[in-house]
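Working notes, beginning with the structure itself.
The values are calculated or read from the model by the stated rules, or taken from the named source; none is laboratory data. If you're wondering where the values come from, they're calculated on a predicted model, not measured in any experiment. Glycine also receives a Cβ, built like all others from the backbone with ideal geometry; neighbour counts cover every protein chain displayed.
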């Protein structure tokens, strides 16, 4: 179940990406990923991507070995240009959040190349897991 806790729902426009931040059983858990301000991550990402992406939290995305997981979904324009959701794992520091925000401000999937460092965080999920997020 995807929620948008902490901020009012803002309708996505054709130029707005969606960023889903997993906050299920392992992602966001200080016991699993110590030393990270898990609650602060969402706020900092919302601030950094303001106007370019709707940031929302979700229940478990079922890829716990990659905690903390962030999924960047393309805008309508990005999807029309061939962009697909990009799954990023081990997103555990503010530098990665800044790279994600810069990418979506530039257009995100389908419209802008991600910063090269994000290649280190990308992973592929099963069709079952991927469809659960889109459904």
Return the residues of region 16-46 that are modelled with pLDDT under 90 and not in a helix (DSSP H, G or I); say none if nothing qualifies. 24, 25
Got a sec? Which of 72, 55, 96 is in contact with a strand residue (DSSP E or B) (Cβ under 8 Å, 6 or more places away or on another chain), under 13 Å from residue 112 (Cα atoms) and not in a loop (DSSP other than H, G, I, E, B)? 72
Filter result for residue 87 (assigned to a strand (DSSP E or B), buried (at least 21 other Cβ atoms within 10 Å of the Cβ) and at pLDDT 95 or above): yes
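Residue by residue, here is whether (1) free of Cβ contacts under 8 Å to residues at least 12 places away in the same chain; (2) assigned to a loop (DSSP other than H, G, I, E, B); (3) farther than 21 Å from residue 33 by Cα; (4) touching a strand residue (DSSP E or B) at 6+ places or on another chain (Cβ under 8 Å) holds:
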| residue | (1), (2), (3), (4) |
| --- | --- |
| 78 | no, no, yes, yes |
| 83 | no, yes, yes, no |
| 92 | no, yes, no, no |
| 100 | no, no, no, yes |
| 108 | no, yes, yes, yes |
| 113 | yes, yes, yes, no |
| 117 | no, no, no, no |
| 125 | no, yes, no, yes |
| 131 | yes, no, yes, no |
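What do you reckon, is residue 46 crowded, with 16+ Cβ neighbours inside 10 Å, out of contact with any helix residue (DSSP H, G or I) (no Cβ under 7 Å at 6 or more places or on another chain) and under 9 Å from residue 21 (Cβ atoms)?
It is false that residue 46 is crowded, with 16+ Cβ neighbours inside 10 Å, out of contact with any helix residue (DSSP H, G or I) (no Cβ under 7 Å at 6 or more places or on another chain) and under 9 Å from residue 21 (Cβ atoms).
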